[in-house]
Protein chains: 2
Amino acid sequence: MAGIADVARLAGVSKSTASRALTGSGYVSERTRDRVAEAAATLGYVPSTSAVSLATGRTQTVGVVMPYVNRWFFAEVLEGIQHALLERGLDLALYDAKPGTAGRRRIFEHFLARKRFDGLIAVGLEPEDEELERMLALERPVVSVVAATSATSVVSIDDGHAARRATEHLIDLGHRDIVFLGGGSTAHWAHVDRRRMSGYIETMTDAALADHVRHVPSDVTCPGGYAAAVDLLGDARRRPSAIVGVCDEVAIGAIIAARRLGIRVPSELSVVGIDDHEYAEMFSLTTLRQVPREQGTAAVALLERHLSDPTLPPTEVRLKPTLVMRTSTAHPDSLESAMAVDMRATPRSGA
Amino acid sequence: MAGIADVARLAGVSKSTASRALTGSGYVSERTRDRVAEAAATLGYVPSTSAVSLATGRTQTVGVVMPYVNRWFFAEVLEGIQHALLERGLDLALYDAKPGTAGRRRIFEHFLARKRFDGLIAVGLEPEDEELERMLALERPVVSVVAATSATSVVSIDDGHAARRATEHLIDLGHRDIVFLGGGSTAHWAHVDRRRMSGYIETMTDAALADHVRHVPSDVTCPGGYAAAVDLLGDARRRPSAIVGVCDEVAIGAIIAARRLGIRVPSELSVVGIDDHEYAEMFSLTTLRQVPREQGTAAVALLERHLSDPTLPPTEVRLKPTLVMRTSTAHPDSLESAMAVDMRATPRSGA
């Protein structure tokens, strides 16, 4: 059976470089790593990672804890993390911790306690105090993506800023009757949603529109935004001239509801979101852009810094979302701008 | 420091039961596992999993290889797998293998070769011959979710049946000019999409509608279906009376395109999908239902059988999708049924 020395000889590198390339511990250029991997594959050599772990005390694995994997934001962050770990030769252990489930309890009490990872990335986890304590007690570096805590390093966007820019944009266009749609439909009010609503309230208040502040709760999903918007828009007496969606999925739900009710966007209703979701373009949604994948990459880079320097204090990386103008917003009652984008105005030769 | 004997004593079970509960090897009731985990947590006892792996030859980890995590089907299957592994005390190592990337090559040549898992689940992977050989050479059981191979065990739905039922439903309603929308927009034509198109073609041919067979390619995403449908529906001479979407996301894209063009669904256009995506209800989409989460659970159960019986031959679990009737399909030119569901007919007091 081939040994590490054979692999190193075939790849034309030192034994220690070959070892680093195969275990993912320490820096090796991408080209060298590929060459070593090829040599190992040719010779059928595979290091016993259990033995490597005992010897180095490193698992070459990063744990990722998240409450959902089937939502746009979480799935995109996960892709970013996966990609960055793959480049570094590290494995990804996934822990799906839905709020309020027995599975989540088991993850905190059992799975994490096994410490089968060198560090943890917690994505939108919103841990209870006790859960946070358990994570910190593991004595492994923890980086959070989106978090209210300052006990760990955090990567996030400035959510308050995003909501303020969205609201300002509508006020600049001349809107006063602006509803904040989404969040707060259950006891679980996510920090990020609350921070966004605070940004909206601050901006309305600064513009002397405190009397117009109105929150319509909904599940933070596209169908949730749709259902709440059907209720809100179906009654002409309650109907606002503009909506700030807590996120793009909710904003898109509102646009779908408006179309079904025959209310034109943007001439009769302006809608702005936060995210730049993959469907935003399709609905011509004006929104504040964040790139969750980059947050995943940034979290891995930050975790790497913690791993190489255990004295590094908790660090915050806060990214600024930018306004992406599409055509879901306009001056109130601006029929002209509507005609330019409403495809129903296109001549129809059939039907 | 507490040892396994202390944990067993506190939990009131034998040492071997405590060990099984903490390592995830062998059967332990859920209640016992919780009790042992609690005792371990109380005493601060955590087994060294590297030592456990060397001793048992088991990693207590299942590897999951998939080309995407940010698409509905894949994310749902992943949730099902995660849930089933969590119940069994097993870790999940995620390998994201996008077709045609350097990362995918590295996963097959390097990551999988480390064999840091007791078995593999390959979700919609469509491996090249060489990739499949590499997986089989690992001498670990492999279960595929959706696959064209018979070299591994497979869990899937009957895709041909799904497309046949969708097409029959439209023919029964009186449609003849039925387009199959989606797939084939790039060199990568997924097996599952091809099998669905074959089901459509067979059914059209059996109904003496071979002359009406028409495939309009698109990316297999909601924006992809939207873009292709805008082209198809925008030209009245090419417009069909009904569309079979290769999946719900494509079908929903077609409905969004129709609404933007002022074409009524279902009175002027019937649309049927395959999936029962989380957005299907919101668009009143008639579709063939599959439950990807159950496929993930079934894959874990099948893998477990392979782990406990290495002589088990490759096994196929094929699930039958069922027709879910909503209101996106109707007889051609059936204005009455349209009025019943078109919310634009609702009286509007405002605007």
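The values are calculated or read from the model by the stated rules, or taken from the named source; none is laboratory data. Treat the numbers as computed from the prediction; the structure is a model and nothing was measured. Here Cβ is always computed from backbone atoms with ideal geometry, including for glycine, and neighbour counts include all displayed protein chains.
Tell me, yes or no, whether the range A:218-235 has at least one residue that is farther than 20 Å from A:S185 by Cα, more than 10 Å from every other protein chain (Cβ to nearest Cβ) and crowded, with 22+ Cβ neighbours inside 10 Å. No, the range A:218-235 has no match at all.
B:T311 satisfies every condition listed in (1) of a type outside the set (D, E); (2) facing chain A (nearest Cβ under 10 Å); (3) over 23 Å from A:V230 (Cα atoms) except (2).
Filtered by the rule that a residue be within 11 Å of chain B (Cβ to nearest Cβ) and of a type outside the set (G, A, S), the range A:242-264 gives A:E249, A:I252, A:I255, A:I256, A:R259, A:R260, A:L261, A:I263, A:R264. Pairs meeting the criteria (first residue in the range B:77-100 and within 7 Å of chain A (Cβ to nearest Cβ), second residue acidic (D, E) and assigned to a helix (DSSP H, G or I), beta carbons under 9 Å, at least 6 apart or on different chains) are B:D96/A:E79. Going by what's in this entry, would B:D129 be described as of a type in the set (D, E, K, R) and either touching a helix residue (DSSP H, G or I) at 6+ places or on another chain (Cβ under 6 Å) or under 15 Å from A:A93 (Cα atoms) (or both)? Criteria not met by B:D129. Restricting A:T287, A:T297 to those that are at pLDDT 95 or above and over 30 Å from A:R140 (Cα atoms) reduces the list to A:T287.
Suppose we keep only residues that are among the hydrophobic types (A, V, I, L, M, F, W, C) and touching a strand residue (DSSP E or B) at 6+ places or on another chain (Cβ under 6 Å) within the range B:82-97. Which one would you say is nearest to B:Q290 (Cα to Cα)? Among those residues, the one meeting the criterion is B:L85.
In the set (1) surrounded by 13 or more Cβ atoms within 10 Å (Cβ to Cβ); (2) modelled with pLDDT under 95; (3) in contact with a Pro (Cβ under 8 Å, 6 or more places away or on another chain), the condition left unmet by A:P310 is number (1).
Testing A:R194 on (1) closer than 18 Å to A:S328 by Cβ; (2) outside any loop (DSSP other than H, G, I, E, B); (3) not aromatic (F, W, Y), one condition comes back false. Which one is that? Result: A:R194 passes all but (1).
A residue that is surrounded by fewer than 17 Cβ atoms within 10 Å (Cβ to Cβ), at the interface with chain A (Cβ under 10 Å from one of its Cβ atoms), in a helix (DSSP H, G or I) and among the small types (G, A, S) cannot be found anywhere in the range B:109-130. A:R239 meets each of the listed conditions (1) more than 11 Å from chain B (Cβ to nearest Cβ); (2) more than 24 Å from A:I121 (Cβ to Cβ); (3) of a type outside the set (G, A, S); (4) outside any helix (DSSP H, G or I) apart from (1).
Residues of the range B:246-281 being part of a helix (DSSP H, G or I) and closer than 16 Å to B:T167 by Cβ, which ones?
Matches in the range B:246-281: B:D248, B:V250, B:A251, B:A254.
All conditions in (1) in contact with a helix residue (DSSP H, G or I) (Cβ under 6 Å, 6 or more places away or on another chain); (2) at pLDDT below 90; (3) of a type outside the set (D, E) hold for A:V143, with the sole exception of (2). Residue count for the range B:296-307 under the criterion of being surrounded by fewer than 24 Cβ atoms within 10 Å (Cβ to Cβ) and either without any contact (Cβ under 8 Å) to a residue 60 or more places away in the chain or within 11 Å of the chain's Cα centre (by Cα) (or both): the result is 1.
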